[in-house]
Amino acid sequence: MQIILKEVCELKKSLALIFVLIVGSVFAGCNQTEKLDVETLEPELHSEPQSPKEEQPEVIPENKETDTVIKTPDQEKLDPAQKVLLESQLEEFDMMYRYTGESSTFEPSGWGLTITLPEEWKEEAILLCTHPNDEEYHTIQITSNTLMKAYQEETGRKEDCSWYDYVVQFIGVPTERTWEIELYQDMISMGYVYDAGVCNDYHYYILINQAQGNDPDDQVEPIRDELKEVIGEEAYRAMIDALECNVEIARSMISFTS
């Protein structure tokens, strides 16, 4: 009887051991399956599904021009008369043209001469010229800015109505006009015109303000007298003398290049 009970106990132990092994195997399998499921599913749980990106075709508006080329209009050909003014740096000024350059040297296009202002004249002098294409007379007048303003402020004249009262004037007369050349020779002998030389078939003469008034045909004298009556002879002479000029200075200002 004891032997039978002992065997029964041993059998129970064996069954219990087998039960423990089976249960352990089941739990181990479950854990492994759970681990695999978590590892497999985790990326799916934490990342959004990516759909392949579709390239959208570029939409070009119907009215859009590709490779647009901006064409600049051809520059209009300058009128020869206007072109020569630009070359000479002159702008229209009443019946004459005013020099607008900053240099003390003025060269009217095509004349073959140069006018060089004294350095001390640069800020005060106003230089006026007939059109360089003028085939009749070549005239250059230099006046004082202060004198021009005096005519405006004291006599009410416009700026372009006082250019006639010059400090020094250069006049070119065509050499073919022999009768005029003879007339200027007579004026030279009278002491209010000076010879400057010949260039490109023009004979040039110098007139300076100090000599004005000797000519009986001088039509400018009444206009000067109008200003002198307002400001006085002494004040007028002071403005003229601000640009000191004599025959030697005038002759040194003009030179011929051809």
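The values are calculated or read from the model by the stated rules, or taken from the named source; none is laboratory data. This one's a predicted model, so the numbers in the text were calculated from it and none came from an experiment. Positions of Cβ are backbone-derived with ideal geometry, glycine not excepted, and every protein chain shown enters the neighbour counts. Calculation scope for accessible area: heavy atoms of the full protein, side chains included, ligands and nucleic acids excluded. Shrake-Rupley method; radii C 1.70, N 1.55, O 1.52, S 1.80 Å.
Things worth noting here:
- Qualifying residues in region 119-134 (those that are open to solvent by less than 60 Å² (accessible area, probe 1.4 Å) and not in a loop (DSSP other than H, G, I, E, B)) - the one farthest from Glu244 (Cα to Cα): Cys129
- The lone exception for Glu153 - which of (1) outside any loop (DSSP other than H, G, I, E, B); (2) closer than 16 Å to Asp201 by Cβ it fails: (2)
- On inspection, Asp195 passes the criterion of being modelled with pLDDT of 85 or more, within 28 Å of Glu119 (Cβ to Cβ) and touching a strand residue (DSSP E or B) at 6+ places or on another chain (Cβ under 9 Å).
- Within region 220-229, tally of residues that are open to solvent by 50 Å² or more (accessible area, probe 1.4 Å) and modelled with pLDDT of 90 or more: 1
- Checklist (1) open to solvent by 50 Å² or more (accessible area, probe 1.4 Å); (2) farther than 17 Å from Arg237 by Cβ; (3) at pLDDT below 95 applied to Thr116, failing item: (3)
- If you go through region 74-117 and keep only what is of a type in the set (Ser, Thr, Tyr) and under 15 Å from Gln169 (Cα atoms), you end up with Tyr97, Tyr99, Thr114, Thr116.
Here's the yes/no breakdown for (1) at pLDDT 90 or above; (2) open to solvent by less than 60 Å² (accessible area, probe 1.4 Å):
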position: Asp218; (1), (2): no, yes
position: Ile231; (1), (2): yes, yes
position: Arg237; (1), (2): no, no
position: Ala242; (1), (2): no, no
position: Glu248; (1), (2): yes, no
position: Arg251; (1), (2): yes, no
position: Thr257; (1), (2): no, no
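- Evaluation of Glu54 against the conditions (1) assigned to a strand (DSSP E or B); (2) modelled with pLDDT under 90 shows that the sole unmet condition is (1).
- Selection from region 98-140 of residues that are out of contact with any Lys or Arg (no Cβ under 7 Å at 6 or more places or on another chain) and of a type in the set (Val, Ile, Thr): Thr100, Thr105, Thr114, Ile115, Thr116, Thr130, Thr139, Ile140
- Selection status of Asp74, part of a loop (DSSP other than H, G, I, E, B) and at pLDDT below 60: yes
- Evaluation of Gly172 against the conditions (1) open to solvent by 50 Å² or more (accessible area, probe 1.4 Å); (2) touching a strand residue (DSSP E or B) at 6+ places or on another chain (Cβ under 8 Å) shows that the sole unmet condition is (1).
- Looking across region 135-148 at every residue that is part of a helix (DSSP H, G or I) and closer than 19 Å to Glu91 by Cα, the one that is least open to solvent (accessible area, probe 1.4 Å) is identified as Met148.
- Test for Asp201: is it in contact (Cβ under 8 Å) with a residue 24 or more places away in the chain and surrounded by fewer than 14 Cβ atoms within 10 Å (Cβ to Cβ): yes
- Qualifying residue in region 152-162 (condition: in contact with a strand residue (DSSP E or B) (Cβ under 7 Å, 6 or more places away or on another chain) and without any contact (Cβ under 8 Å) to a residue 60 or more places away in the chain): no
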